[in-house]
Amino acid sequence: MAKEVDNMDQPDNNALNIKPSTAIRHDYNAFSKMCHETQSPVVITKNGEADLVVMSHEAYQKMIARQRLGRMLSEVDHDIAAGAPMRDLEGVFAAIQKRIEDV
C-alpha cells in the first residue's frame, strides 16, 4: 500500500509542494524557478509515491541555520536547567566589543 505524504508536519504551515519526477525532466528551468520562488521543499514522486525532497540551495542554507540555532538554544536551555552560572548582560557585551576590536 502506498504511503501518503502527510503535510501536517510541514514547517511554517506552508502548503506541501508535490511534483512528479517528470516535472524535472520535462522543464528543469520552470522547476528550478518554482523552487527558488517558493523557498519551500518540493516532494518528488516516483510511481505515485514520495521519493525525494528538493529545495533551492538558499532554502537549504536557511534550514541548516535554523537547525543550528535550535541546537544552540537547546544547549542553553539545558545549561539553565542544570543550574550553570550565567553571565550578566554587561559582561557579554564587553566580550563582544573586545572581539570586534581585536579583528
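The values are calculated or read from the model by the stated rules, or taken from the named source; none is laboratory data. Model, not experiment: these values are computed from the prediction. Positions of Cβ are backbone-derived with ideal geometry, glycine not excepted, and every protein chain shown enters the neighbour counts.
Of note:
- Of everything in segment 55-76 that is among the aliphatic types (A, V, I, L, M) and without any contact (Cβ under 8 Å) to a residue 24 or more places away in the chain, the residue that is farthest from Lys19 (Cα to Cα) is Val76.
Yes/no matrix, rows are residues, columns are (1) hydrophobic (A, V, I, L, M, F, W, C); (2) surrounded by 10 or more Cβ atoms within 10 Å (Cβ to Cβ); (3) touching a His at 6+ places or on another chain (Cβ under 6 Å); (4) at pLDDT 95 or above:
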residue: Asp9; (1), (2), (3), (4): no, no, no, no
residue: Leu16; (1), (2), (3), (4): yes, yes, no, no
residue: Asp51; (1), (2), (3), (4): no, yes, no, yes
residue: Val54; (1), (2), (3), (4): yes, yes, no, yes
residue: Leu69; (1), (2), (3), (4): yes, yes, no, yes
residue: Gly83; (1), (2), (3), (4): no, no, no, no
